[in-house]
1. Which Cα, out of VAL194, GLY175, SER146, lies furthest along the positive dipole direction of the chain (beta carbon charges, K/R +1, D/E -1)?
2. Remind me, relative contact order of the stretch 146-279 in percent, using alpha carbon pairs under 8 angstrom and six or more residues apart?
3. Given a Förster radius of 22 Å and the C-beta distance between THR231 and SER273 as r, what FRET efficiency does 1/(1 + (r/R0)^6) yield to the nearest 0.05?
4. If you take all C-alpha pairs in the stretch 146-279, what percent of them are over 20 Å apart?
5. Taking a 1.4 Å probe, which of GLU42, GLU195, GLU87, GLU148 shows the most accessible area, and what order do the others take after it?
6. Explain nothing, just the number: relative contact order of the chain, from Cα pairs under 8 Å at least 6 residues apart, as a whole percent.
7. Could you tell me how far the Cα centroid of the stretch 167-190 sits from the Cα centroid of the stretch 277-295, in Å?
8. Only four residue types carry charge here, +1 at the Cβ of Lys and Arg and -1 at the Cβ of Asp and Glu. Report the dipole size of the chain about the Cα centre in Debye, rounded to the nearest 20.
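The values are calculated or read from the model by the stated rules, or taken from the named source; none is laboratory data. Only a predicted model underlies this, so the values are computations on that prediction, with no experimental measurement involved. Quick reminder, even Gly has a Cβ in these numbers, built from the backbone with ideal geometry, and neighbours come from all protein chains shown. Only protein heavy atoms, including side chains, enter the accessible area calculation; ligands, DNA and RNA are left aside. Shrake-Rupley method; radii C 1.70, N 1.55, O 1.52, S 1.80 Å.
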Amino acid sequence: MTLRLPRPLRAVGAGLLGLALAASFAPAASAAGTLAAFASVESTPDGCRSTVVTGIDGSAGVRYYADGHRLHFPSKTLRFDDVGVVELTAKGKDGATLDRYRYRLLAPADCFDGAPTVDDTIPRYAPKVSWCTGDRHPYVAQAFASEEGSPLVWALRRRSDRHLVDYGLAKLDEGSGETRFPLDRGLKPGRYVVEAQENVPSPEGYWWSMAVEELRCLKTPKAKRGKVTFTVPKRGPAALLTLSVPAEVDPVKVVRVRAGRTYTFRTSASEVSWTATPTGDHIGELGHGTVSVPQG
């Protein structure tokens with residue numbers, strides 16, 4: 001059955017957990033030699049419609065912008081957009097690499113009444129905020145809490161122009177747990193936002209949403225005796241490869257590999273575990289796994 005939406009969906013910026021996603025999935029500053037951009041953001045909202053940014057803490061040499069205009073603190077009055085967000089961006093002096101390039105500043109919490117509640121009682125659960133081009137069953141997911149089971153309307157929009165590209169119904173179970181949003185195959189790589197709502201929001205209210213992204217991910221690396229070779233796809237972001245072996249607790253190698261390039265890791269270990277995360281203004285993961293290395 002095709003779901004017909006009664007009116008254009010309205011959205012919000014990411015939940016409080018979503019605000020930290022870019023930072024949590026970005027390479028650590030100490031590992032990549034990057035500058036910290038949004039260590040903290042202080043603001044004074046005026047109801048559900050606007051706010052003033054009073055200060056941002058970050059490394060020296062980072063500049064901040066809103067709608068293309070450089071911020072000076074306290075800032076001018078900044079209006080929340082139709083998703084209840086003021087999006088801030090950061091640039092490093094002389095092109096320095098940042099741990100985070102964007103920050104979605106939300107309207108106050110009571111502006112999101114009726115939106116599903118992000119569940120903070122599952123500490124081991126991390127939201128799934130990206131999927132790979134070519135996935136047979138792409139999806140994103142978030143944990144919610146609900147006092148009673150209820151249907152959840154969700155939509156996927158392009159972040160650039162708010163165009164609706166996918167939507168459907170999900171079910172919130174009583175209690176807490178993961179809710180998946182299954183997506184259509186064949187979407188173009190890029191940045192999106194997933195939105196969800198249990199009830200139609202008030203005129204002053206917003207929907208819950210979370211930034212997500214489709215990425216060109218790494219394929220399974222090729223392993224030969226004493227070495228493993230990784231290839232980062234063309235026309236995508238560079239990858240930060242974190243490599244480890246069973247005998248070591250900490251990663252044995254963290255290396256940045258440009259799009260379209262390969263990297264060969266030489267080792268005497270029998271297996272190598274790897275995680276690839278995108279560098280720059282991206283979120284999510286470019287792949288992970290463990291590969292056996294032939295011996296003898």
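1. VAL194
2. Details: 253 pairs, mean separation 23.4, N = 134.
About 17 percent, as a whole number.
3. 0.80
4. Tail of P(r) above 20 Å: 61 percent of Cα pairs.
5. The residues order as GLU148, GLU42, GLU87, GLU195, largest area first.
6. It rounds to 17 percent for the chain.
7. Centre-to-centre (Cα) distance: 24 Å.
8. The dipole magnitude comes to about 2020 debye.
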